[in-house]
Amino acid sequence: MVAYMVSKKVTVTIPEDLLDEIRAEAAERGLSAYVAEALRAKRDRDRLQELVGWLEEEHGPVTEEERVAALDELNRLDAEHKHRRADSAGEAA
């Protein structure tokens, strides 16, 4: 059995430069799918932030050392992402 997601059409205002970037990235998936995925990711981040708040209440705030380690890991992942995108762009050319 295939489950179908009910969708509703809405109107939003997006800065033109951002829309141009999103359309370029979303080409095959389509703008609606891209935006829905972005909204789900934002909702998930909001929920994660709420969880962090609860955990900090229970265990205390994140230390500077933990924050720096997390940012270092994010920077490493960002660099890997840029590297892979550059490789993909090179293969497509």
Taking the chain and counting helices only, DSSP H stretches of n ≥ 4 at -39,500 (n - 2.57) each over all residues, the nearest-500 ellipticity at 222 nm comes to -26000 deg cm²/dmol
Ranked output for segments 80-86, 5-11 by mean other Cβ atoms within 10 Å, highest leading, reads 80-86, 5-11
To the nearest 20 debye, the stretch 27-85 has a Cα-centred charge dipole, built from +1 on Lys and Arg Cβ and -1 on Asp and Glu Cβ, of 620 debye
Distance in nm between GLU58 and ALA41 label points, each 7 Å along Cα→Cβ, equals 2.8 nm
If one compares the long axis through the Cα atoms of helix 64-92 with the longest principal axis of the Cα atoms of the chain, the angle in degrees, nearest 10, works out at 20 degrees
Placing each pseudo-label 7 Å from Cα in the direction of the beta carbon, HIS83 and SER32 end up separated by a distance in nanometres of 3.9 nm
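Read-outs throughout are calculated quantities, based only on the coordinates presented, and are distinct from any laboratory measurement. Here the structure is a predicted model, which means the values were calculated and not measured. Neighbour counts run over all protein chains shown; Cβ positions are idealised from the backbone, glycine included.
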